[in-house]
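No value in this document is a laboratory result; all are computed from the given coordinates. This one's a predicted model, so the numbers in the text were calculated from it and none came from an experiment. Here the Cβ is made from the backbone with ideal geometry for all residues, glycine too, and neighbour counts use every protein chain on show.
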Amino acid sequence: MKHRLKKHWLLWVLLTTSVLAISLAGCGGGKEGTGDGVVRLEFWHAMGGPLGDALDALVAEFNGNHSDIEIQSISMGRYQALSQKIMAAVAADQPPDLAQVYEAWTENLIENGSAESMTAYINGPNGLSQEELDDFIPGMIENSTWDGEIYSFPFNKSVRALYWNKGAFAEVGLTQAPTNWDEYLEYAKKLTRDTDGDGEIDQWGTAGQISAWMFENLLVQNGGEILTDDGTRAAFDSPEGVEALEFMVELLTEYGKVTSGYEYQNDFQAGKIGMVEGSTVSLSFMEGKYTFDMALAPLPENKEKASFFAGTNVVIFADSCDPNKRAAWEFVKWFTSPEITARWAAMTGYAPVRRSAMNLPVMQERFTEVEGLESVFTQLEYASYEPRSAAWYAGRKYLEETGVEAALRKQMKPGEALAAAARAVNAELAR
Amino acid sequence: MTWLENLRRKKFMDPLTAALYLVPAGIVVIVFRMIPIVSAFILSFFDVKMGRIRGFVGLAQYVRLFQDPTFFSSLGTTVYYVAGVVPVSLFLSLLAAVLLNQKIRALGLYRTVFFLPVVTSLVAVSMVWKWIFHPRLGLLNYIFEVLGGNAMVWLEEPRGIFEMVASGLGWGWWPAGLSGPSLALIAVIIVAIWRGIGYNIVIFLAGLQNIPNQYYEAARIDGANSRGVFWKVTWPLLSPTTFYVLLSTTITSFQVFTQIYLMTGPPVGGPMGTTKVIVYYLFEKGFDAGGNMGYASAVALILFVIILSLTLVQRRLVESRVYY
């Protein structure tokens with residue numbers, strides 16, 4: 001009996017130490033080279049559906065072209081799940097080698113010492129020339145730079161676009177998408193109508209969801225700012241902001257419908273809505289689901305030519321082994337090369353991150369397939385990015401829930417709603 | 001000495017053996033309950049961002065917490081939820097249990113029907129009810145319209161129900177602070193009651209069957225009617241069960257998360273944050289990437305203190321009326 005107990009003891013000790021040994025071995029989440037000279041690394045992302053398929057296809061192609069690197073593309077399904085997995089992985093000292101991240105997460109990762117600076121790789125032997133860096137969409141590299149160091153790289157970035165139903169437009173004598181706010185309202189009004197004469201409106205001019213992103217674009221188009229220049233206080237409650245929200249409320253509640261989540265896109269595909277705003281990525285979800293003649297257009301303009309891009313960047317984790325980091329950079333460099341970013345953009349609707357990509361055959365071909373896409377991407381020339389701090393990440397929720405939602409649901413006047421949201425955001429920024 | 005006696009004396013009475021039997025459950029409780037509770041308590045004094053402990057901040061998280069209006073509004077929402085779920089669930093499950101305790105036909109079928117929601121996945125239940133409540137395509141609005149009523153937007157309605165009733169009665173004005181829980185929250189409450197009732201019925205049924213028949217017979221012989229029998233015999237003798245059901249339903253209601261996470265929004269907790277309960281607030285603050293696990297731990301601790309003190313108060317107030 002005693003003998004057996006001893007044996008069990010030994011087994012436990014062995015088990016525990018071996019578990020510890022496994023968890024301490026190597027650096028980062030990726031498996032170490034197994035002696036065959038192949039660097040295996042883990043890439044965590046949140047791409048699903050058509051986007052996930054496109055990414056997996058490109059990763060497979062990269063692996064095929066690189067006999068010494070094997071990227072394991074792991075989808076976490078959605079951004080919230082991705083952030084939780086990264087959080088847990090960092091806490092357990094088992095981060096992946098490469099991951100998609102939002103700017104606010106990047107800031108936290110930098111402060112934790114978990115994000116590897118890419119500046120050395122960019123300036124290194126397998127780096128990028130100044131000419132190549134200048135080829136990136138203006139603002140995208142800046143968006144990835146903190147205190148002069150580039151910590152992330154643009155990966156999947158999108159801009160807003162106006163999707164319009166050409167048939168529905170033609171029925172009311174319109175041949176073009178609206179180009180300014182006045183036309184936007186006027187066209188939406190014309191498109192809102194009772195098509196079968198039963199006394200009920202069955203086609204709405206436009207539709208949308210409760211979205212801070214839509215408001216932010218209207219705000220900067222109207223000459224407003226999200227935060228003050230030093231980023232310490234809300235600035236969206238300015239007269240420009242109130243005017244922008246009043247416009248949004250009029251557009252979406254008088255001549256449109258506010259739906260829960262992405263339902264408005266289904267209604268648009270069913271031909272019940274004249275035009276809708278959406279991300280360029282929505283294209284990949286809509287493709288093949290509508291039967292009418294559809295075209296894209298840049299957002300109708302107002303005082304300023306301005307726009308915010310959305311989407312994530314990628315970071316390399318500092319805890320990974322050097323060969324893994326080098327291989328991860330090789331993938332990032334390959335993925336953002338003009339040829340590949342053009343193909344990624346053509347497959348998904350994300351914006352190409354390189355200007356020269358626009359002129360490549362694959363992109364030109366896509367532009368002839370999708371009417372108006374080329375002009376939508378011209379917005380990239382003046383597109384900028386939202387405040388990047390973790391405090392704004394939390395504050396943005398107040399803008400959406402307290403500001404935009406309260407106004408769109410007619411619980412508060414736009415001015416009151418923005419003032420209330422600004423108070424909440426200021427409290428968040430002051431912490 | 002038979003072998004059975006030997007076993008009883010040597011093995012079962014041996015404290016070491018007893019301890020050994022407790023080890024598996026003990027490990028689970030310690031690893032998944034005790035350690036997390038202690039860690040949460042410790043973490044609430046630290047700044048934790050994106051998986052890394054940044055530094056000791058003392059009571060700063062608690063100070064921040066008590067300055068956040070969203071914390072108080074989510075606490076208020078939770079109180080509405082508990083106040084909506086607990087009494088109705090208790091009343092309906094007791095009523096159903098008393099009815100199911102009779103000798104009626106197809107008793108097994110009824111019991112199964114009531115218990116079915118309990119064994120159904122909460123995720124599936126939430127998704128199905130979300131569709132039932134859908135403003136345009138939902139079954140509920142369809143029924144309302146067939147019956148000549150007005151369609152409502154249910155989960156997308158931020159207005160409080162008292163305010164809605166007041167405006168329905170034609171009153172132009174209603175005090176803003178007294179608008180009550182939003183219709184969206186009421187929709188979630190309905191689902192919670194529907195889903196939880198079966199479990200409570202089973203507990204009540206067990207309690208009812210524990211009441212010895214002699215008492216009923218004695219009461220009948222003394223000429224008591226069925227209402228008298230219920231209030232003088234069933235209700236007092238059932239009180240330990242009722243007390244248990246009250247306590248457990250209150251505690252689980254305070255911890256509601258899944259239905260809120262799956263049924264409301266986007267954004268979750270909407271419309272206008274009127275369904276943002278305390279556990280979802282905690283989740284948002286801790287698990288969103290901009291969040292802080294230290295802050296979330298402080299929220300969790302406050303929730304723990306609230307539930308604990310409420311349980312103690314319930315014991316004080318209610319237990320004196322319980323007949324064991």
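What residues have an amide H closer than 5 Å to that of B:D288, excluding those fewer than 5 places away on the same chain, when H is modeled at 1.01 Å from N in the peptide plane?
Distant-sequence amide H within range of B:D288: zero hits.
Please go through region A:205-286 and write out the GluC sites (Glu not before Pro) that DSSP classes as loop and that have at most 12 other C-beta atoms within 10 Å.
Working: sites: A:E216, A:E225, A:E240, A:E243, A:E246, A:E250, A:E254, A:E263, A:E277; in loops: A:E225.
When the GluC sites (Glu not before Pro) of region A:205-286 are filtered for loop state and at most 12 Cβ neighbours within 10 Å, nothing remains.
If you take the charge dipole of chain B about its Cα centre, with +1 on Lys and Arg Cβ and -1 on Asp and Glu Cβ, which of B:I132, B:V233, B:Q214 is farthest toward its positive end?
B:Q214
Out of the trypsin sites (Lys or Arg not before Pro) in region B:289-323, which ones are loop residues according to DSSP with at most 16 other C-beta atoms within 10 Å? Let's see the in-between values first.
Numbers: sites: B:R315, B:R316, B:R321; in loops: B:R321.
Listed in order of number, the matching sites are B:R321.
Report the convex hull volume per residue for region B:69-319, counting only C-alpha atoms, in Å³. It would help to have the intermediate numbers written out before the result.
Values: hull volume 44.7 nm³, N = 251.
Convex hull of Cα atoms, per residue: 178 Å³.
For region A:45-200, state the average projected area of the convex hull of the C-alpha atoms over all orientations, rounded to one decimal in nm². Could you put the intermediate results ahead of the total?
Working: hull surface 61.1 nm².
So the Cα hull casts an average projection of 15.3 nm².
Can you flag which of B:K130/B:K276; A:K190/A:K257; A:K166/A:K190; A:K189/A:K413; A:K85/A:K289; A:K305/B:K285 are past 24 Å Cα-Cα?
Values: B:K130/B:K276 16 Å; A:K190/A:K257 15 Å; A:K166/A:K190 14 Å; A:K189/A:K413 22 Å; A:K85/A:K289 33 Å; A:K305/B:K285 35 Å.
Beyond 24 Å: A:K85/A:K289; A:K305/B:K285.
List the relative contact order of chain A as a percent without decimals, with contacts defined as Cα pairs under 8 Å and 6+ residues apart.
Working: 753 pairs, mean separation 95.0, N = 431.
It comes to 22 percent, rounded to a whole number.
Please report, for the Cα atoms of the protein assembly as shown, the Rg to one decimal and the Dmax as a whole number; what are they, in angstrom?
Cα-based Rg and Dmax for the protein assembly as shown come out at 30.6, 104 Å.
Taking 7 Å along the Cα-to-C-beta vector as the label spot, tell me the A:A430-A:A120 distance in nanometres, rounded to one decimal.
Inter-label distance under the simple model: 4.2 nm.
How many Cβ atoms of partner chains, on average, are near each residue of A:109-116 if near means within 10 Å of its Cβ? Don't jump to the answer; show the numbers that get you there.
Details: counts 5, 1, 4, 6, 1, 3, 1, 0.
The shielding value for this peptide is 3.
Using alpha-carbon pairs under 8 Å, 6+ residues apart, how would you state the relative contact order of region B:16-62 in percent? Intermediate results must be reported in sequence, preceding the final value.
Numbers: 21 pairs, mean separation 10.6, N = 47.
That works out to 23 percent.
Other chains' Cβ within 10 Å of A:401-413 residues: what's the mean?
3
What does DSSP give for chain A in terms of the percent of beta bridges that are antiparallel, rounded to the nearest 5? Don't jump to the answer; show the numbers that get you there.
Values: 25 of 43 bridges.
Counting DSSP beta bridges with both partners in chain A, the antiparallel share is about 60 percent.
Based on alpha-carbon centroids, what's the gap between region A:338-389 and region A:259-283 in Å, whole number please?
21 Å
Determine ³J(HN,Hα), in whole Hz, for all residues of region B:271-287 in sequence, where each value follows from phi through the Karplus function 6.51 cos²θ - 1.76 cosθ + 1.60 and θ = phi - 60°; x replaces Gly and Pro.
Couplings: x, 6, x, 7, 10, 7, 7, 4, 6, 5, 4, 4, 4, 4, 6, x, 9 Hz.
List the aspartates and glutamates whose alpha-carbon lies under 14 Å from that of A:K325, not counting same-chain residues fewer than 8 positions away?
A:E32, A:E42, A:D68, A:E70, A:D97, A:E116
What shape does region A:279-428 take by its C-alpha gyration tensor, where a ≥ b ≥ c are the square roots of the eigenvalues and a/c under 1.5 counts as rounded, a/b above b/c as prolate, and the rest as oblate? Intermediate values should be presented prior to the final figure.
Working: a/c = 2.44, a/b = 1.27, b/c = 1.92.
Because a/c hits 1.5 or more and a/b fails to exceed b/c, region A:279-428 counts as oblate.
So which trypsin sites (Lys or Arg not before Pro) in region A:211-272 are both in a DSSP loop and have at most 16 other Cβ atoms within 10 Å of their Cβ? Intermediate values should be presented prior to the final figure.
Numbers: sites: A:R233, A:K257, A:K272; in loops: A:R233, A:K272.
When the trypsin sites (Lys or Arg not before Pro) of region A:211-272 are filtered for loop state and at most 16 Cβ neighbours within 10 Å, A:R233 remain.
So, in Å, what gap is there between the alpha-carbon centers of region A:227-245 and region A:149-209?
26 Å
When the Karplus curve 6.51 cos²θ - 1.76 cosθ + 1.60 is applied with θ = phi - 60°, which whole-Hz ³J(HN,Hα) does each residue of region A:418-431 get, with x for Gly and Pro?
5, 5, 5, 5, 5, 4, 5, 5, 4, 5, 5, 5, 6, 6
Using Cα springs under 10 Å in a Gaussian network model of chain B, which residue among B:M293, B:M164, B:M34 shows the largest mean-square fluctuation?
Judging by the Gaussian network model, the answer is B:M34.
For region B:124-136, take each phi angle, set θ = phi - 60°, evaluate the Karplus expression 6.51 cos²θ - 1.76 cosθ + 1.60, and give the result in whole Hz per residue in order, putting x for glycine and proline.
Values per residue, Gly and Pro as x: 4, 4, 4, 5, 5, 5, 4, 6, 4, 7, 4, x, 9 Hz.
How many angstrom separate the Cα center of region B:285-324 from the Cα center of region A:394-431?
For region B:285-324 versus region A:394-431, the Cα centre distance is 29 Å.
Which whole number gives the average count of other chain Cβ atoms within 10 Å of the Cβ atoms across peptide B:88-94?
The mean count of partner-chain Cβ atoms within 10 Å per residue comes to 0.
Compute the whole-percent fraction of alpha carbon pairs in chain A spaced more than 37 Å apart. All intermediate terms of the calculation are to be shown ahead of the outcome.
Numbers: 29033 of 92665 pairs.
Value for chain A (Cα pairs over 37 Å): 31 percent.
Excluding same-chain residues fewer than 8 positions from B:K49, which aspartates and glutamates have a Cα within less than 12 Å of its Cα?
Correct list for B:K49: A:E107, A:E111, B:D288.
Taking 7 Å along the Cα-to-C-beta vector as the label spot, tell me the B:F144-A:H66 distance in nanometres, rounded to one decimal.
5.5 nm
More than 15 angstrom separation, counting every C-alpha pair in region B:16-62; what % is that?
On the way: 631 of 1081 pairs.
Tail of the P(r) past 15 Å holds 58 percent of the pairs.
Once amide H atoms are built 1.01 Å from N in the peptide plane, which residues 5 or more positions from A:E301, or in another chain, come under 5 Å H to H?
Close amide H contacts, sequence-distant or interchain: A:N180, A:W181.
With contacts defined as alpha carbon pairs under 8 Å and 6 or more residues apart, what's the relative contact order of chain B in percent?
Values: 359 pairs, mean separation 86.6, N = 324.
It comes to 27 percent, rounded to a whole number.
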